[in-house]
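First up is the structure itself, then whatever we jot down about it.
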Amino acid sequence: MILEAFSEVLHRERQRTADREALDILQQWLLSILSEAVPADNIERVIHAEIELVDFNGHPVFLSKSGTGEILLKSLYTYCDSYEHWQFRRWLHCLNATAFERR
């Protein structure tokens, strides 16, 4: 449910600005959810219950509040990596063999 919500946000943001990395979009998404005082829906309630936002030397850091929060964070980060690898494979597949010739 949460990965599906994030995938929709990621897809929408990548269509709008293709140069942003998935991890940046994830951090912005989590930051926007955790900065709200009252969660709007079940997805935001779960994120508020499982993840906390900590300021570390002026940078936001996301920490899990429990074991399930750790699994959730790991799943979100893994999804970002998978998405970036998929994008790279798509880019690589579109190249011709001549792109790898020495000049």
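The values are calculated or read from the model by the stated rules, or taken from the named source; none is laboratory data. Bear in mind that the values here come from a model prediction, so they are computed numbers and not experimental data. As a convention, Cβ positions derive from the backbone with ideal geometry for all residues, glycine included, and neighbour counts pool all protein chains shown. Please note that ligands, DNA and RNA were not included when accessible areas were found on the heavy atoms of the full protein model with its side chains. Shrake-Rupley method; radii C 1.70, N 1.55, O 1.52, S 1.80 Å.
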First in region 27-44 and more than 13 Å from Phe6 (Cβ to Cβ), second anywhere and in a helix (DSSP H, G or I) and of a type outside the set (Lys, Arg), Cβ under 8 Å, 6 or more apart: Leu34/Ile47; Leu34/His48; Glu36/Glu44; Pro39/Ile33; Pro39/Ile47; Pro39/His48
Sole residue being surrounded by 13 or more Cβ atoms within 10 Å (Cβ to Cβ) and of a type in the set (A, V, I, L, M, F, W, C), chosen from Val9, Val61: Val9
Residues of region 53-75 satisfying the condition of being part of a helix (DSSP H, G or I) and either small (Gly, Ala, Ser) or within 17 Å of the chain's Cα centre (by Cα) (or both): Gly67, Gly69, Glu70, Ile71, Leu72, Leu73, Lys74, Ser75
Total residues in region 64-74, condition hydrophobic (A, V, I, L, M, F, W, C) and open to solvent by 70 Å² or more (accessible area, probe 1.4 Å): 1
Hey, Leu92 outside any loop (DSSP other than H, G, I, E, B), over 20 Å from Phe6 (Cβ atoms) and among the aliphatic types (A, V, I, L, M) or not: yes
Any hit, region 57-72, residues being on the phi < 0 side of the Ramachandran plot and modelled with pLDDT under 90: yes
Residues (aliphatic (A, V, I, L, M) and over 15 Å from Met1 (Cβ atoms)) located in region 52-76: Leu53, Val54, Val61, Leu63, Leu73
Residues of region 16-31 satisfying the condition of being within 20 Å of Thr78 (Cα to Cα) and surrounded by fewer than 16 Cβ atoms within 10 Å (Cβ to Cβ): Ala18, Asp19, Arg20, Glu21, Leu23, Asp24, Gln28, Leu31
